[in-house]
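A quick write-up on the structure given underneath.
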Amino acid sequence: MDYSNLRRQAASLKKGLFDQGHLDEQFRQVEDLQDEASPNFVEEVVVVFFKDSGRLISNLEQALEKYPRDFNRWDAYMQQLKGSCSSIGASRMKNECMSFRDNCGQRSVEGCMGSLQKLKREHAILRQKLESYFQVTLEAPPCQSWCHDRWIISINLLTDVCMFTMQLLRQVGPAGAATRPAM
Amino acid sequence: MASSLKALLVEDTAVDRMVLSFMLRKFHCEVILAKNGKEDVDMFLEGNKFDIVVCDKDMPIMTGPEAIKKIRAMGATDVKIVGVSADDNAMEAFMSAGADDFVPKPMRLEVLGPMIQEVINMKNN
């Protein structure tokens, strides 16, 4: 298994998420919380985030239908979602939350609907990209373990080569020296 | 940074609960969770003591500022209370309720760290 290639792929996927503005610095804060005691913390937080955000978006869609022009109610849902997006660094989603809230402030139903559609799109894109990223990181073990394994393999190979060389020298022995031509 | 602080985290959103509780544990705090302002107040009514309370603003049943007012009215004046919110206008509500600090979400380790250290220093003195 080419772990170095997988690790490069994971790094590239992550860089893309930051470069394209899907994630911001807060995601790195969440990564900093991950340690040996909680090795899957980031993925667990992301799973909870998508579960919660999916529910909030669904509740908001129902509220848009059930409570027309109730901008205060709509705003309250979106404020909660904005908070979650901020906490994990979901930057583009957060921006759409803010846009929705601005439209609530301007009492624009059309604006709110438009922002919600964009938010749902960003939600789906981020989910797909993060799923791909975590899939690759699952296949590429952490650097410490694969680096350690690589060293072990190298040491074992070196030992085997030394043993083989010594055996060969024993077989050749003094006879090898006698066949050298005289200078 | 070594700490034996007892922290109460009052937060209704699951994601924020996870992230904030891990941040507090990163600073070696013992973390107790409450999901809304009423649970927050109940913790104090049950006689629990905390060194620091990190409290969200908008929660079901009872908001953060409402809970903070009640906690201060109970005589819990020593405990450091930090309000956190994604609402940029939340500072006024928290500070007038009796919070010591307000931090806009998202909370960051480099912001939380000095707050924890301040509580440790006060406790040691």
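The values are calculated or read from the model by the stated rules, or taken from the named source; none is laboratory data. Worth saying up front: this structure is predicted, and the values here are computed from it rather than measured. A quick note on method: Cβ atoms are made from the backbone with ideal geometry, for glycine too, and the neighbour counts reach across all protein chains shown. Please note that ligands, DNA and RNA were not included when accessible areas were found on the heavy atoms of the full protein model with its side chains. Shrake-Rupley method; radii C 1.70, N 1.55, O 1.52, S 1.80 Å.
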Can you confirm whether region A:41-53 contains a residue that is in contact with a helix residue (DSSP H, G or I) (Cβ under 9 Å, 6 or more places away or on another chain), open to solvent by 40 Å² or more (accessible area, probe 1.4 Å), more than 16 Å from A:Arg92 (Cβ to Cβ) and touching a residue at least 60 places away in the same chain (Cβ under 8 Å)? yes
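Pick out, from region A:37-147, the helices (runs of 4 or more DSSP H) lying fully within it that include 1 or more residues that are within 10 Å of chain B (Cβ to nearest Cβ) and under 26 Å from the mean Cα position of the chain (by Cα). Outline the logic, then answer.
On the way: elements: A:41-66, A:71-88, A:91-105, A:109-139.
Here the list reads A:41-66, A:71-88, A:91-105.
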Test B:Val31 against the stated conditions and say whether it is out of contact with any Leu (no Cβ under 7 Å at 6 or more places or on another chain), open to solvent by less than 40 Å² (accessible area, probe 1.4 Å) and at pLDDT 95 or above. no
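Report yes if B:Ile68 is farther than 21 Å from B:Gly113 by Cα and at pLDDT 95 or above, otherwise no.
Numbers: farther than 21 Å from B:Gly113 by Cα: yes; at pLDDT 95 or above: yes.
Against the criterion (farther than 21 Å from B:Gly113 by Cα and at pLDDT 95 or above), B:Ile68 qualifies.
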So B:Ile52 passes all but one of these: (1) open to solvent by less than 10 Å² (accessible area, probe 1.4 Å); (2) under 30 Å from A:Gly54 (Cβ atoms); (3) of a type in the set (A, V, I, L, M, F, W, C); (4) touching a residue at least 12 places away in the same chain (Cβ under 8 Å). Which condition number does it fail? (2)
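Can we say A:Ser91 is touching a residue at least 40 places away in the same chain (Cβ under 8 Å) and crowded, with 23+ Cβ neighbours inside 10 Å?
When the stated conditions are applied, A:Ser91 does not pass them.
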How many residues does region B:46-68 contain that are in contact with a Ser or Thr (Cβ under 9 Å, 6 or more places away or on another chain) and more than 16 Å from B:Thr13 (Cβ to Cβ)? 2
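Looking at region B:79-95, which of the residues that are touching a Lys or Arg at 6+ places or on another chain (Cβ under 9 Å) and more than 14 Å from chain A (Cβ to nearest Cβ) is surrounded by the fewest Cβ atoms within 10 Å (Cβ to Cβ)?
Taking the candidates together, the pick is B:Val79.
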